[in-house]
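Every number in this text was worked out from the coordinates using simple rules, so none of it is lab data. Fair warning: this is a prediction, and the values are worked out from it, not measured in the lab. Note that we place each Cβ from the backbone using ideal geometry, even for glycine, and neighbour counts take in every protein chain shown.
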Amino acid sequence: MIISEEEVRYLNPRLKGIPPQEIIAWALGRANRPVVTTNFRPYAASLLHGVSCESDSIPVIWCDTGYNTAQTYRHALEVTDLLGLNLKVYVNMLIIKKNGLKNKKKSLNLGFLVV
């Protein structure tokens, strides 16, 4: 779903004051193949929660740099389990080689799978 600058100017005042969950439902309803991306920073969980309340099948894409802190990986696991996210993790092949992972499907860090 691509929204033009003109559409943004039109939609902003109309969406103002509408509960976030209704806006998420509206946006997902307009999308042909919705996905959501995340970096698992502390405030990302609120958007992930809103999306997961609408559908637990929506892919959640995380481009893992391989340089996150252990706390970030624990947080990602906790949020993923708690919300039942359809998480898809993407890791640069150089990180996989650096970490000595020969099989791309092998678990990385705290149990994530490279897809």
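Beta carbons within 10 angstrom, averaged per residue: use that to sort the peptides 40-53, 8-21, highest first. The partial results should precede the final answer.
Working: 40-53: 15.8, 8-21: 10.1.
Per-residue mean Cβ counts within 10 Å order the peptides as 40-53, 8-21.
Enumerate the amide H contacts of Asn86 below 5 Å, restricted to partners 5 or more residues apart or on another chain; note that Pro and chain-start residues carry no placed amide H.
For Asn86, whose amide H was placed from the backbone, the distant partners under 5 Å are Val60.
List, in order, the whole-Hz ³J(HN,Hα) value for each residue of segment 14-29 obtained from phi through the Karplus relation with A = 6.51, B = -1.76, C = 1.60 and θ = phi - 60°; use x for Gly and Pro.
6, 8, 4, x, 7, x, x, 4, 5, 5, 4, 4, 4, 5, 5, x
Can you tell me the length gained on complete extension of the stretch Glu78 to His49, counting 0.36 nm per residue apart and subtracting the Cα distance?
Numbers: separation 29, 0.36 × 29 = 10.44 nm, distance 1.24 nm.
That pair, Glu78 and His49, stretches by 9.2 nm at full extension.
Using a simple spin-label model with points 7 Å from Cα along the Cα→Cβ vector, what separation in nm is obtained for Val35 and Glu7?
A separation of 1.8 nm, rounded to one decimal place.
Using only the alpha-carbon atoms, what does segment 1-94 span along each of its principal axes? Please give whole angstrom values in decreasing order.
Largest to smallest, the principal-axis extents are 42, 28, 22 Å.
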